[in-house]
Amino acid sequence: METTDSRADLLATPELATTGLGASEDLDPGRKRYETLYFALRNTKLVVGLTVVLLLLVVAIVGPWLTDADPFEFGFPLGEPPSSQYWLGTTSAGQDVYAQFVYGLRASFIVGSIAACVAGALGMTIGFVGGYIGGIIDDILSMLTNIVLVIPTLAVLIIVAAYLSVGSLMSEAVLIGLTSWPWAARAIRAQTFSLASRDFVSLARLSGRGSFRVIVNEIAPNMSSYLFLTFILLFGGAVLTAATLDFLGLGPSQVMSLGLMMNTAVSNAALQLGMWWWFIPPGLAITAIVGGLYVMNVGLDEIFNPRLRRT
Amino acid sequence: MTRYLARKTLLYLLTFFVAVTIDWAIPRLMPGNPIDGLISRIQADSTASQQLHGYFTESFGLDQPLWKQYLDFWRGLLHGDLGPSIAYVGSTVSELIWAAIPYTLALLVPAIVLSYIAGNRVGAMAARRKVLDNTALPVAYILTATPYMWLAIVLVYFLSFKLGLFPVSGAYDFSLQPEWSLEFARSFISHWFLPFLTLFLVSFGGWAIGMRNLIIYELESEYSNYLQSLGAPTKLVRKYAYGNAVLPQMSGLALALGAVVGGALVTEIVFGYPGIGTLIITALQNRDYFLMQGLFLLIITGVLIANFIVDIAYVIVDPRTRAGIQGS
Amino acid sequence: MTLAVDNLRVYYRTLQGDVRALDGVSFTVGDGEIMGIAGESGCGKTTLGKSLIRLDGRMHVVEGTVELDGTQLPLSDDNAMNAFRFREVSIIPQYAMSALNPIRKIGRMTSELLASRGVSFDETLPELSRRLALVGLDDTVLDRYPIELSGGMKQRVVMVLSTLLNPSLLIADELTSALDVSTQKAVAEMLVEFRDREFVKSTIVITHDLSILYQMADTILIMYAGKLVEKASATEITQDPRHPYTRLLLGSLPEVGVRFADKRLSGIPGRPPSLLNPPTGCRFRARCPLAFEKCAEEPPFVEIAPNRHAACWKAVA
């Protein structure tokens with residue numbers, strides 16, 4: 001006969017609750033992690049999305065090693081279609097499209113990740129503080145968030161980039177990060193609200209822990225999957241925004257980017273000349289990265305929230 | 001209802017104020033004297049440049065104390081005076097903007113409205129039918145991940161350059177003048193179609209995905225469960241689910257407006273469509289500060305107004321806000 | 001006019017196999033009877049309640065039949081069950097307070113629901129008003145949105161709505177878990193009143209709270225780990241429980257007026273077995289203070305006295 005501490009059971013009286021359905025709540029943490037991994041590998045969306053993104057990441061990292069050409073370097077034959085010598089052909093001014101493509105891909109990943117970090121950090125700070133502390137501070141932060149949210153990002157970026165002329169990927173990324181945090185702040189704030197009312201948080205609060213500690217030790221870890229999803233979406237959004245900025249000529253002009261490729265292509269009549277190898281790959285790559293990230297996001301959401309699983 | 005709208009109005013007024021201030025402040029924060037930059041562009045001789053210098057200094061009001069500059073800016077704004085254009089010498093910023101707005105609106109309004117309606121419908125259908133869900137949804141994801149300008153490039157390349165189905169650029173044929181005639185209308189529409197399609201397709205993807213997720217969520221809600229337990233036909237359950245899903249979707253509309261406007265800008269550039277987008281590129285390339293300022297304000301104002309319209313629509317659609325209850 | 005459940009088995013599909021939530025349950029409920037079904041969380045009572053009206057996503061009926069008023073209920077066929085829902089079988093769900101469409105006025109939702117089931121709202125309105133008055137609400141409630149009502153009011157609306165078409169069987173799922181004690185009493189009395197006025201014929205009240213059953217039920221059915229354990233009239237069960245599980249459950253009930261120190265709550269150590277791979281023999285064996293060798297063989301749920309059933313070798317006197 002099993003004997004467990006009857007004290008705990010004493011408090012439960014007629015309802016002696018366990019969920020005897022034999023589902024995952026009975027499993028120890030190790031098993032639970034295994035179960036998460038199992039679902040992860042089974043989830044088509046996650047697998048497909050992740051594969052696409054990783055593939056492009058590999059190209060971005062390894063690609064430049066496979067060529068000696070500099071993306072801005074001139075001197076190659078003009079307007080050549082793809083061949084075994086020039087894998088993605090050349091531009092009308094004699095630049096190597098492959099070199100431009102892989103360096104541009106690198107730039108996309110760099111800007112995307114930095115911008116996502118900046119926006120994520122801002123969003124987390126404002127979201128956590130507002131959601132946890134509440135009151136007048138929350139009101140102020142919410143108003144701030146709403147204002148920045150309503151202002152069309154691109155308009156601001158255009159003005160700022162025009163006047164301040166973005167010189168490097170870093171500044172472009174920071175700029176994008178500074179304008180795309182509001183929706184993340186909102187989402188995190190909402191989640192923090194609901195977590196803050198839970199018992200274990202109240203317990204931590206009562207035991208005298210400072211707000212900062214409670215947020216870092218209790219709230220954030222319980223939202224880790226949600227934060228991760230938010231990061232992925234921010235990353236995708238940043239890649240798109242960066243591409244648009246670069247296309248408008250507002251990105252760093254000394255750094256090759258996919259948006260810049262499309263810009264140069266269009267202004268140099270690549271469309272009329274039918275130089276598809278110049279303007280199709282960059283946009284395709286962006287679609288693939290962002291699409292892959294979005295699909296990954298959905299897959300991960302299904303894994304983290306069993307309710308959404310539609311098996 | 002009034003409380004809700006009042007809160008929103010306050011937000012927009014505040015935002016407008018902040019935006020105008022940013023707009024006014026930025027050129028003055030820029031390194032160097034803006035006027036020198038202007039004059040060097042115009043490349044006038046020394047006497048002319050002296051006069052121009054004086055003119056611009058006065059226009060910019062740089063000889064005035066800062067606070068007066070700020071107030072003058074507001075005053076000019078409220079009079080509709082946005083200053084002269086530098087890129088298009090001889091025209092005022094207001095004139096240029098007024099000429100370009102109709103084209104941009106002609107793209108934006110139908111694209112937003114139609115993509116919203118169509119996206120919601122398809123999304124709702126995908127939520128019910130597994131077959132549609134497995135085909136339409138991946139397409140929607142790809143669409144929403146596509147950068148606007150690239151889709152524009154692809155469409156114009158294949159359908160205009162390669163297949164010659166549509167014209168390549170402009171709003172209408174060069175030989176025609178804007179007028180109320182069938183010939184002009186036909187030319188206008190054939191020029192309008194591809195840029196519109198670009199905006200429509202990308203936005204459509206986003207709405208479809210959003211609606212599909214919302215409907216699934218609503219179909220699993222407790223009121224749906226209850227109705228089904230009482231034997232209500234799926235039609236009624238779906239109707240209620242749709243009605244509930246529309247609300248957050250509409251809030252999403254307000255948020256998405258900024259993104260679509262950005263998309264319209266780059267699409268116009270690819271198609272050489274004479275709207276705000278092309279104007280912005282010209283302003284950027286020519287460092288036309290007055291024009292850029294004016295355009296920035298225009299975009300902000302436009303988005304704020306559109307947000308307000310959506311808020312009013314929300315009040316109409318959500319009976320709870322109408323009844324004055326503090327709902328969501 | 002009875003409900004006859006015969007050897008009902010309802011399992012949940014999971015990745016690790018079938019969870020045998022309801023594993024061979026047979027009983028009857030008579031006309032005008034209020035039967036309470038009690039047990040711990042996970043004993044199968046909610047599964048039972050749900051399977052009688054609408055199967056959840058992962059539930060499937062493995063075996064067994066359910067007859068209501070002589071007609072077999074097509075439990076597995078969602079479409080066919082629709083004919084019975086609301087009219088013959090109805091439910092007051094556990095989430096009654098959030099069961100109403102938030103963006104519809106209650107009156108409008110009611111009329112749309114009734115219309116969809118082929119019932120005229122105008123004709124039903126007088127009766128609806130009467131019943132609302134019975135539970136302490138008036139007609140203005142129909143003109144309100146759910147968000148304007150208190151939790152208790154919403155629950156009462158749902159109670160009236162669910163019983164509006166005079167179903168033969170009413171399932172009340174955890175009706176009182178979210179309420180305070182005095183409201184619990186009021187709700188229990190309302191259910192009894194519904195039965196007395198013949199709004200419903202048979203009622204099944206699912207709960208983990210034995211004390212509320214004592215107040216309102218005619219019969220009480222105790223479940224454990226997917227199986228029936230004891231069934232008797234409410235008085236008999238509370239005064240003379242035969243199954244060790246019931247006795248322990250009741251032993252853990254605090255009595256009003258008795259100080260904590262005077263009577264120790266005994267509680268029942270241990271937890272119910274996993275229903276993924278349930279143990280052979282009596283499922284309560286591991287926690288039962290009276291267990292002996294024969295318990296390795298599963299005791300049948302038999303009549304041990306007139307109108308008393310139990311599944312225990314020791315209860316067979």
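The values are calculated or read from the model by the stated rules, or taken from the named source; none is laboratory data. Since the model is a prediction, treat every value here as computed from it, not as a measurement. Using ideal geometry, Cβ is built from the backbone for each residue, glycine included, and neighbour counts are taken over all protein chains shown.
Filtered by the rule that a residue be hydroxyl-bearing (S, T, Y) and closer than 22 Å to A:L260 by Cβ, the range A:207-249 gives A:T241, A:T244. Here A:A270 qualifies as within 12 Å of chain B (Cβ to nearest Cβ), of a type outside the set (D, E, K, R), within 30 Å of A:S168 (Cβ to Cβ) and not in a helix (DSSP H, G or I). Scanning the range B:275-292 turns up one or more residues that are touching a strand residue (DSSP E or B) at 6+ places or on another chain (Cβ under 8 Å) and either without any contact (Cβ under 8 Å) to a residue 40 or more places away in the chain or more than 10 Å from every other protein chain (Cβ to nearest Cβ) (or both).
Scanning the range C:81-97 for residues that are more than 7 Å from every other protein chain (Cβ to nearest Cβ) and part of a loop (DSSP other than H, G, I, E, B) returns C:A83, C:F84, C:R87, C:E88, C:Q94. Only one of the listed residues (B:I97, B:I117, B:I101) is in a helix (DSSP H, G or I), free of Cβ contacts under 8 Å to residues at least 40 places away in the same chain and either away from every other protein chain (no Cβ under 11 Å) or among the hydroxyl-bearing types (S, T, Y) (or both). That residue is B:I117. Residues in the range A:121-154 that are within 14 Å of another protein chain (Cβ to nearest Cβ), part of a helix (DSSP H, G or I) and under 22 Å from the mean Cα position of the chain (by Cα): A:T145, A:N146, A:V148, A:L149, A:V150, A:T153, A:L154.
Yes or no, residue by residue, for (1) in a helix (DSSP H, G or I); (2) touching a helix residue (DSSP H, G or I) at 6+ places or on another chain (Cβ under 6 Å); (3) at pLDDT 85 or above; (4) at positive phi:
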position: B:L253; (1), (2), (3), (4): yes, yes, yes, no
position: B:T267; (1), (2), (3), (4): yes, yes, yes, no
position: B:G277; (1), (2), (3), (4): yes, yes, yes, no
position: B:M292; (1), (2), (3), (4): yes, yes, no, no
position: B:T301; (1), (2), (3), (4): yes, no, yes, no
position: B:I305; (1), (2), (3), (4): yes, no, yes, no
position: B:V310; (1), (2), (3), (4): yes, yes, yes, no
position: B:G327; (1), (2), (3), (4): no, yes, no, no
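One residue stands out in the range C:123-161 among those that are of a type in the set (S, T, Y) and within 15 Å of C:M97 (Cα to Cα): the one that is surrounded by the fewest Cβ atoms within 10 Å (Cβ to Cβ), namely C:S150. Residues in the range C:171-191 that are within 16 Å of C:M97 (Cα to Cα) and of a type in the set (S, T, N, Q): C:T176, C:S177, C:T183, C:Q184.
Please determine whether any residue of the range B:253-271 is in contact (Cβ under 8 Å) with a residue 24 or more places away in the chain, within 20 Å of B:S94 (Cβ to Cβ) and of a type in the set (S, T, Y). Among the residues of the range B:253-271, not one is in contact (Cβ under 8 Å) with a residue 24 or more places away in the chain, within 20 Å of B:S94 (Cβ to Cβ) and of a type in the set (S, T, Y), which makes the answer no. Against the conditions (1) under 16 Å from the mean Cα position of the chain (by Cα); (2) crowded, with 16+ Cβ neighbours inside 10 Å; (3) over 28 Å from C:G70 (Cβ atoms), C:S177 satisfies every one except (2).
Apart from one condition, A:T244 fits all of (1) of a type in the set (V, I, T); (2) more than 9 Å from every other protein chain (Cβ to nearest Cβ); (3) within 19 Å of A:L175 (Cβ to Cβ); (4) in a helix (DSSP H, G or I); the exception is (2).
The condition (being surrounded by fewer than 22 Cβ atoms within 10 Å (Cβ to Cβ) and under 14 Å from the mean Cα position of the chain (by Cα)) is satisfied by just one residue among C:D196, C:D209: C:D209. Counting only residues that are without any contact (Cβ under 8 Å) to a residue 60 or more places away in the chain and surrounded by fewer than 19 Cβ atoms within 10 Å (Cβ to Cβ), the range B:132-153 holds 4 of them.
Among the residues of the range A:163-173, are any hydrophobic (A, V, I, L, M, F, W, C), more than 10 Å from every other protein chain (Cβ to nearest Cβ), within 16 Å of the chain's Cα centre (by Cα) and at negative phi? The answer is yes, given that some residue of the range A:163-173 is hydrophobic (A, V, I, L, M, F, W, C), more than 10 Å from every other protein chain (Cβ to nearest Cβ), within 16 Å of the chain's Cα centre (by Cα) and at negative phi.
Yes or no, residue by residue, for (1) closer than 15 Å to C:E230 by Cα; (2) acidic (D, E); (3) out of contact with any Asp or Glu (no Cβ under 8 Å at 6 or more places or on another chain):
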position: C:R13; (1), (2), (3): no, no, yes
position: C:G30; (1), (2), (3): no, no, yes
position: C:E40; (1), (2), (3): yes, yes, no
position: C:T46; (1), (2), (3): no, no, no
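Considering the range A:159-213, the qualifying helices (runs of 4 or more DSSP H), each wholly inside and each with 3 or more residues that are small (G, A, S), within 25 Å of A:L141 (Cβ to Cβ) and at pLDDT 75 or above, run over A:169-180, A:182-196.
Yes/no matrix, rows are residues, columns are (1) in contact with a Ser or Thr (Cβ under 9 Å, 6 or more places away or on another chain); (2) within 17 Å of A:V266 (Cα to Cα):
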residue: B:L230; (1), (2): yes, no
residue: B:P233; (1), (2): yes, no
residue: B:L236; (1), (2): yes, no
residue: B:N244; (1), (2): yes, no
residue: B:Q249; (1), (2): no, no
residue: B:L253; (1), (2): no, no
residue: B:V270; (1), (2): yes, yes
residue: B:D288; (1), (2): yes, no
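For C:G17, are the conditions met, namely being of a type in the set (G, A, S), within 12 Å of another protein chain (Cβ to nearest Cβ) and loosely packed, with under 14 Cβ neighbours inside 10 Å? Yes. Note on the range A:126-168: among residues that are closer than 24 Å to A:G112 by Cα and touching a Lys or Arg at 6+ places or on another chain (Cβ under 9 Å), the one that is surrounded by the most Cβ atoms within 10 Å (Cβ to Cβ) is A:G127.
Residue check: C:L100 meets all listed conditions (1) closer than 21 Å to C:G49 by Cβ; (2) more than 8 Å from chain B (Cβ to nearest Cβ); (3) in a loop (DSSP other than H, G, I, E, B) but one, namely (2).
Of all residues in the range B:73-122, those satisfying the criterion of being exposed (fewer than 15 other Cβ atoms within 10 Å of the Cβ) and under 30 Å from B:I215 (Cβ atoms) are B:V109, B:P110, B:V113, B:I117, B:R121. In the range C:149-199, which residues are of a type in the set (D, E), modelled with pLDDT of 90 or more and in contact with a strand residue (DSSP E or B) (Cβ under 9 Å, 6 or more places away or on another chain)? Result: C:D173, single match. Of the strands (runs of 3 or more DSSP E) that lie entirely inside the range C:1-80, those containing 1 or more residues that are in contact (Cβ under 8 Å) with a residue 40 or more places away in the chain and of a type in the set (S, T, Y) span C:3-14, C:17-29, C:59-68.
Remark: C:V158 falls outside the filter, which requires a residue to be part of a strand (DSSP E or B) and within 17 Å of the chain's Cα centre (by Cα).
If you filter the range C:103-122 down to residues that are of a type in the set (G, A, S), within 14 Å of chain B (Cβ to nearest Cβ) and closer than 30 Å to C:L73 by Cα, you find that the one that is surrounded by the fewest Cβ atoms within 10 Å (Cβ to Cβ) is C:G118. The single condition from (1) within 12 Å of chain A (Cβ to nearest Cβ); (2) of a type in the set (V, I, T); (3) surrounded by fewer than 16 Cβ atoms within 10 Å (Cβ to Cβ) that C:T28 fails is (1).
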